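These notes concern the structure reproduced below.
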Amino acid sequence: MRIGVDVGGTNTDAVLIDGLRIVASNKQPTTPDVSSGVSAAVRAVLADRDVAPGAITAVMIGTTHFTNALVEANRLDRVAVMRLASPSGEALPPFTGWPEALAKRICGEIFLLPGGYEFDGREISAFNEARVRAAARHCRERGIESIAVSSAFAPINSAMEERAAQVIRREHPAASISLSHTIGRLGLIERENGVILNAALTSLARHVVASLERALSELKLRAPLFISQNDGTLISAEDAARYPVMTIGSGPTNSMRGAAFLTGINDAIVMDVGGTTCDVGVLSKGFPRESSISVDIGGVRTNFRMPDILAIGLGGGTRIHLDPGLYTADALAASDLRVGPDSVGYRIVQDAFLFGGETLTASDVAVAAGRTHFGDASRIPPLSAAVQAAIWSRIQAMFADSIDRMKTAQGDAPIIAVGGGHFLIDDDLPGATQVLRPPHASVANAVGAAIAQIGAQIEQIVDYDTVPRHAALERMREAVTTRVAANGGVRDSIQIVDMEEVFLSYLPGRSAQVRMKAVGDLAETPSPAAGNTIAEASHAH
């Protein structure tokens, strides 16, 4: 049996899965210390089925904790940045384009040092060990213990970053070192931004992982703990503490993977409606479509693996801005009404009319119109049929627009509606061939965490005039397969799920940038292949 947990901003969801069968689920309020909410949710699903902790073989957790830390610029380490790319790589120094407050909070020291490579492997300049040693000594003397190292074209050749790390460890043993080639893709600035964010989260990541491990220990759970990554695969808790930035997009990813599992559909648009936002993403072969461009995190451009997600300010707690004097009007002008983007969020149980509050929310309108049933409908002020229709129509138009913005092909697409606010999506949503609402839709994120697999990805620039294409791809396939197996994947189950090949016309010969991704089942766990779940989706029109 597996336990999957998703820690969101409002709720912490947990599911218990026996093979491919979901046997229990629970939703608890997220707590400031994270671990208390996780403990409560896990304890509840175990008690629901009277399952002994010893029967659990793995625990998978996805959390937004690190995202929140970046957005709030809170509990972040000061970071020293060592860039190995001088003299040519000095035009844009580290932290260029960052939000001023975040840069001020994180930036400890910047060292522009000789080193780095050209696209064809030639050195920009020789590695200077003495300069790196002096920089490390300066960090030690200033008490800076988080160090980010970036080098030009490090994903192609990581030798200089590795060598810098060795020098830093000797000179400053207490330092936590983050290397850019383990984080991002080729682009230096975006990759460097990612590794700086990772270094800034190091202390917090250790604290969070330790507190999760302590919570599971107190529940007498001895099963290994995994953390879900941005691409829907797993890393060990130990690796999550080293690479926290690789987990910050796991929430939407878990929802999409859970949606695929619950419906058996691998290609669709997933709409995860929460209390504050709706995350819209595209499922491709059962995995979230990854963003092919730089991704903005807390105002910082990065290029590491992230799902291509459109978040709109529309959820169950979204405020409906309408003059109360118009609640019973026979008609509304377009300017009379505004839907969000602000939300009462986790305060919905205090602020919304249907819970005794004084704020009109999207949930109030849905309950008043009889589209769902919870809370106390008698507390909602009278809303005329025309007003209800106008608000509902505006909500559906926002959803339909989000679908159009995410589609890459003409025609309607199947929609999978999940999340606690999925009732806001109409069965007749424009742009949808059908709207599916699978059982357990409200905890699809935790399901996604529970069924996650082990994954790995590699990216290289290959010259097909030097190495034949089939030989180069086979070599990459073997390399990424070996990496998945080393991380705990069952070799026989490993498959290539995505490959991207972009020919680089500005380089001589027939050079291409190739990215390959592989996934495999976690050892001693069944395959979560879509379509085998016992859950049956309910189809609407």
Subject >> Cα Rg, Dmax (largest Cα-Cα span) when computed across the chain, Å >> reply: 24.6, 78
Original post:
How large, in Å, is region 65-128 by the Kirkwood hydrodynamic radius built from its alpha-carbon pairs?
Top reply: 13.4 Å
Original post:
Considering only DSSP beta bridges whose two residues both sit in the chain, what percent are antiparallel, to the nearest 5?
Top reply: 60 percent
**OP:** Please give, to one decimal in nm, the separation of the simple spin-label points placed at Asp404 and Ala91, each 7 Å out from Cα toward the Cβ.
**Re:** 3.8 nm
**OP:** Could you run the Debye sum over the Cα atoms of region 1-132, one equal point scatterer each and no solvent, and tell me log10 of I(q)/I(0) at q = 0.11 Å⁻¹, two decimals?
**Re:** -0.65
Original post:
For the chain, what number of Lys pairs, 8 or more residues apart or on separate chains, have alpha-carbon atoms under 27 Å from each other?
Top reply: 4
Original post:
Roughly how many Å² of Asp13 are accessible to a 1.4 Å probe, to the nearest 10?
Top reply: 10 Å²
Original post:
According to the Cα gyration tensor, what semi-axes, each the square root of 5 times an eigenvalue, does the equivalent ellipsoid of region 372-462 have, listed from largest to smallest in whole Å?
Top reply: 34, 20, 11
Original post:
Distance in nm between label sites at Thr31 and Thr466, each 7 Å beyond Cα in the beta-carbon direction?
Top reply: 5.5 nm
Subject >> Space enclosed by the convex hull of the alpha-carbon atoms of region 382-528, per residue, Å³ >> reply: 165 Å³
**OP:** Please report, in whole Å, how far the alpha carbons of region 162-286 spread along each principal axis, starting with the longest.
**Re:** 54, 44, 27
Original post:
Could you give the alpha-carbon Rg of region 268-362 over 2.2 N^0.38 Å, rounded to two decimals?
Top reply: 1.40
**OP:** Tell me the trypsin sites (Lys or Arg not before Pro) within region 265-350 that lie in a loop according to DSSP and have at most 12 other beta-carbon atoms within 10 Å.
**Re:** Lys285
Original post:
What's the extension gain from Arg105 to Met499 if we count 0.36 nm per residue and subtract their Cα-Cα distance?
Top reply: 138.0 nm
Original post:
Among bridges DSSP assigns within region 380-530, what percent are antiparallel (round to 5)?
Top reply: 85 percent
Subject >> Full-stretch length increase - Arg222, Ser335 - with 0.36 nm per residue and alpha-carbon distance subtracted >> reply: 34.9 nm
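The values are calculated or read from the model by the stated rules, or taken from the named source; none is laboratory data. Note that the structure is predicted; figures quoted are calculated from it, not measured. FYI the Cβ positions are ideal-geometry reconstructions off the backbone, even for glycines, and counts take in every protein chain you see. These area figures cover heavy atoms from the full protein model, side chains too; ligands, DNA and RNA do not enter into them. Shrake-Rupley method; radii C 1.70, N 1.55, O 1.52, S 1.80 Å.
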